[in-house]
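The values are calculated or read from the model by the stated rules, or taken from the named source; none is laboratory data. Owing to the predicted nature of the structure, the values given are computational and were not obtained by experimental measurement. As a convention, Cβ positions derive from the backbone with ideal geometry for all residues, glycine included, and neighbour counts pool all protein chains shown.
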Amino acid sequence: MKEKPATVFVVDDDEAVRTSLRLLLKSVGLPVETFASAQEFLDQFDPDRAGCLVLDIRMPGMSGLELQQHLNDRHSIMPVVFITGHGDVPMAVEAMQAGAVDFIQKPFRDQDLIDRINRALEKDREMRGELRERDEIRRRMSQLTPREREVLELVTQGKANKVIAGDLNVSQRTVEIHRARVMEKMGASSLAHLVRMVIEAHREG
Amino acid sequence: MKPALERKVARGGSTVAELELRAVLDAAVDAVIIIDSDGSIETFSRAAERLFGYASAEVVGRNVSVLMPEPFRSQHDGYIAHHVRTGENRIIGKGREVIAQRRDGSLFPVALAVGRIDGLDPPRFVGFVHDITDRKRVVEALRRERDRAQAYLDLAEVMLLALDSSGTISLVNRKGCEILGWPEDELVGRNWFSTCLPEELRGDVEALYTRFFDGTVSPAHYAEHEIVTRSGERKLIAWRNVALRDERGLVSGTLSSGEDVTEQRRAIEAVRKSEQLLRDAQSIANLGNYETTIPGGHAFWSPQLYAILGADPAAGPMPVEEYIEHCVHADDRERFLQAWARILREGGPFDLEYRITRPDRSVRHVHSIARVSLDPEGRAQVVGTLHDITDRKLAEEEIRQTQDRLTQFSRLSTMGEMAAGLAHEINQPLTAIANYAQALQRLLAAPADVEQEDLDLALGQISAQALRAGEVIRRLRSFVKNREAKTEIIDPTRLIADMMVFAEPDARLADIRIRVEAGDGLPPVACDPVQIQQVLLNLIRNAIDATIEAGASSREIVLRTRLDEGGDIEVSVEDRGTGISSDVAENIGHPFFTTKASGTGLGIAISRSILRAHGGRLAHRPTPGGGATVFFTLPAMPGSDK
């Protein structure tokens, strides 16, 4: 599956603002998709798509804050940059508390917006990288036999082979063989690496 | 006499006494008749012959009753017999007036004196008869004369009063008795001063009379003073007096005619008072009145009319032409002339407000109302009033200015409440412009990658959005700027669309949608669009606040226009907010009544006065299912049943 490039999703009910943002972002080479309402965006929302959301905080119908809530409910990781008007600071604070990366007040300097968008895209990339790594670790873990999983658990708890052999009531040699398999299947270069991978796999998300 | 009668003389067998008696009898002017106790005539004197027309011989021996008419004739014997029998004396020595009868049967009045000749048995009687026809006639004439004089006195509609020198009433006529309330017989002989004068005047008037009688002063020809009637009522009498003088030329009394002027004075006083009242009222009201006949003739101006015009009352009323030229303000002259010409032509009412210029060049506003009637010769009788309404005009102007300032203030205040929405509305195009400009800069920095389409879009949009921002500002300016009210003919749908520029951003900020449901084919309205938009914004602002406060799930306000049953345009703002409680409804529209923390309490009051000035009204009703619907009406343009 060929992954689409990271996209800036712009949601603003004001056509002029929307279109001008599209051109502005296009001028700096960023792929843009625009939506006239929060609902329109939600209808086509694909959590797998990389990018960030530029969201007008005030809109008729579903407001920017409500859309953010919807996305949070769907465990979206897409970073949100809010565009606020004059006097919308209380709403901006609320948006930040709900996990927005940033906000910018209209009218704004283009570079300020682009910087914020780039930071958001960077964050998206990071998060998607982490997600991908975690998915790989989980995939590899899923290839382990039950005995190998037991060994993995005990190894990552820092237990010596001899102790593990006692716990599992097998020979020390058997533990060593399983351990080598786990290291190989997980692609771990060291015990420290393996421990990190297990922690990663247990993270939420 | 008896001894003389007894003496006899030789000649003719008569005694000397008889001859003497005969001579006396014949010389007597009065008729002398002697009768015996049976009534038979014994002696009948010459004068008796002349008076009764009988010769002595004809009557001597006949009963004296022949000389009198019935019923005395038949009764006479009875009188004598009664006297002789009883000695009762009815006539003897007394004399009386009786009626006698001549030989020819004619009757005439006589004075009769009867004497009894004693010493004879039976006695005889002697009668002296004096013809009193002439005296009777004179007395009768005098009586008639007196009666006529009395009749004149009594006929006189004034009191006539004669006083003698002691102040005693010697004569008073019927009118006098009527005025004084006394019967004549009780009044005559009384002292005038103590009977008929009020106590406080008594001394002065009496002293004055005393001086007339002294001859010190002559009686005043004319005087007025009060009198007291028998019942104690006071009356004001106007007196005319003359002095009565005796044969020596001394004042012996006064004769006065007195007229009761109490009622007249009261009426004059009433007229004077009512004229004074009218003058005062005119002065207080600054209202003058006039009458005039056109063409030229009698004219009257009331004092206040001169005062209003600053004209000289001594100069008298001006002819209309002069009034128009000198008093009517030059700018109002044409209007005045038209109205004036019309009423002179057609009659009817004249009702005009115009200005006048006074001689000192000051200008006053006046309201003239006149009624004109045309007589058969085509002359106009004009009766009218002129009311100085300058103060009222100035007060009206002041109220209008205050109202304008309040309206303006309220509009600014409404706009202040909508400032956030408007700031947003201007921010949008500015943001877009900034974005386009910055995009262009970037695109032009790498010309190879530029698509012509993007350049066109950016440049086109920059100017379009600048215009958009400019338009918002222009509307805002025209909405808040201090302005004179002006009426335009406008399509209600457009009016609302224009107003939405302000209302929508505000609603959007509150996450409220305004849905406009415009009626189809509405006729245009004549109104001041800014003022009506002000009213609408106020209502929408209130609807937004009510919706927010209610936390209503339906965040929608419906703005509807329709033609109501009365043919007026109705504009309603329907929300699903908190609604209007009955105690709020009671106070709604009272200036400074507000339910909002930062409200001025002027919005609805001013909206109401704006609508009143437009001939419309403001009202509210509950929205079915909760909330309030506030609506107003505007009269549709007549004759535009599009």
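Within the set B:Leu278, B:Leu236, B:Leu250, B:Leu208, the sole residue that is surrounded by 11 or more Cβ atoms within 10 Å (Cβ to Cβ) and not assigned by TED's automatic domain parsing to the domain that holds B:Leu163 turns out to be B:Leu278. For segment A:127-147, the condition holds for no residue, the condition being that it is within 14 Å of chain B (Cβ to nearest Cβ), touching a residue at least 12 places away in the same chain (Cβ under 8 Å) and either more than 30 Å from A:Ser189 (Cα to Cα) or exposed (fewer than 14 other Cβ atoms within 10 Å of the Cβ) (or both). Checking each residue in segment B:509-560 for being buried (at least 21 other Cβ atoms within 10 Å of the Cβ) and basic (Lys, Arg) picks out only B:Arg541. Looking at segment B:508-570, the strands (runs of 3 or more DSSP E) lying wholly inside it that each contain 1 or more residues that are under 57 Å from the mean Cα position of the chain (by Cα) sit at B:525-527, B:556-563. Quick check: anything in segment B:496-504 surrounded by 14 or more Cβ atoms within 10 Å (Cβ to Cβ), under 23 Å from B:Ile606 (Cβ atoms) and at the interface with chain A (Cβ under 10 Å from one of its Cβ atoms)? Yes: segment B:496-504 contains one or more residues that are surrounded by 14 or more Cβ atoms within 10 Å (Cβ to Cβ), under 23 Å from B:Ile606 (Cβ atoms) and at the interface with chain A (Cβ under 10 Å from one of its Cβ atoms). Among the residues here, B:Leu430 qualifies as in contact (Cβ under 8 Å) with a residue 12 or more places away in the chain, assigned to a helix (DSSP H, G or I) and within 10 Å of another protein chain (Cβ to nearest Cβ). Examine segment B:476-485 for a residue that is without any contact (Cβ under 8 Å) to a residue 24 or more places away in the chain, more than 60 Å from the chain's Cα centre (by Cα) and more than 9 Å from chain A (Cβ to nearest Cβ), and state whether such a residue exists. No, because not a single residue in segment B:476-485 is without any contact (Cβ under 8 Å) to a residue 24 or more places away in the chain, more than 60 Å from the chain's Cα centre (by Cα) and more than 9 Å from chain A (Cβ to nearest Cβ). Of the listed requirements (1) in contact (Cβ under 8 Å) with a residue 12 or more places away in the chain; (2) in the same structural domain as B:Leu309 (by TED's automatic domain parsing), B:Arg411 misses just one: (2).
In segment B:433-458, of all residues being more than 7 Å from chain A (Cβ to nearest Cβ) and among the charged types (D, E, K, R), the one that is surrounded by the fewest Cβ atoms within 10 Å (Cβ to Cβ) corresponds to B:Glu453.
Only residues that are at pLDDT 90 or above, closer than 22 Å to B:Ala507 by Cβ and either surrounded by fewer than 17 Cβ atoms within 10 Å (Cβ to Cβ) or of a type in the set (Ser, Thr, Tyr) (or both) were counted across segment A:31-65, and they come to 4. Residues in segment B:31-79 that are among the aliphatic types (A, V, I, L, M) and in contact with a His (Cβ under 7 Å, 6 or more places away or on another chain): B:Val64, B:Met68.
Conditions (1) in a helix (DSSP H, G or I); (2) in contact (Cβ under 8 Å) with a residue 12 or more places away in the chain; (3) more than 26 Å from A:Leu131 (Cα to Cα), marked per residue:
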site: A:Leu154; (1), (2), (3): yes, yes, no
site: A:Ile164; (1), (2), (3): yes, yes, yes
site: A:Asp167; (1), (2), (3): yes, yes, yes
site: A:Arg173; (1), (2), (3): yes, no, yes
site: A:His178; (1), (2), (3): yes, yes, yes
site: A:Arg181; (1), (2), (3): yes, yes, no
site: A:Ser189; (1), (2), (3): no, no, no
site: A:Met197; (1), (2), (3): yes, yes, no
site: A:Ala201; (1), (2), (3): yes, yes, no
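Here B:Arg73, B:Arg102 are screened, and the one residue that is touching a Ser or Thr at 6+ places or on another chain (Cβ under 6 Å) and basic (Lys, Arg) is B:Arg73. Confirm whether A:Ser76 is over 24 Å from A:Thr19 (Cβ atoms) and either in contact (Cβ under 8 Å) with a residue 12 or more places away in the chain or not assigned by TED's automatic domain parsing to the domain that holds A:Thr19 (or both). In short, yes. Whether a residue is buried (at least 18 other Cβ atoms within 10 Å of the Cβ) and at pLDDT 85 or above was assessed, and B:Val64 passes this test.
What number of residues in segment A:23-55 are within 9 Å of chain B (Cβ to nearest Cβ) and in a helix (DSSP H, G or I)?
5
None of B:Leu344, B:Leu444, B:Leu406 is in the same structural domain as B:Ala543 (by TED's automatic domain parsing) and over 30 Å from A:Asp88 (Cα atoms) except B:Leu444. Could you say whether any residue in segment B:372-394 is surrounded by fewer than 13 Cβ atoms within 10 Å (Cβ to Cβ) and among the aliphatic types (A, V, I, L, M)? Yes, segment B:372-394 contains a residue that is surrounded by fewer than 13 Cβ atoms within 10 Å (Cβ to Cβ) and among the aliphatic types (A, V, I, L, M). For segment A:82-101, the criterion of being in a loop (DSSP other than H, G, I, E, B), within 16 Å of A:Arg116 (Cα to Cα), touching a Phe, Trp or Tyr at 6+ places or on another chain (Cβ under 6 Å) and more than 14 Å from chain B (Cβ to nearest Cβ) is satisfied by at least one residue.
Scanning segment B:287-317 for residues that are touching a residue at least 60 places away in the same chain (Cβ under 8 Å) and closer than 22 Å to B:Leu374 by Cα gives B:Asn289, B:Tyr290, B:Glu291, B:Thr292, B:Thr293, B:Ile294, B:Pro295, B:Gly297.
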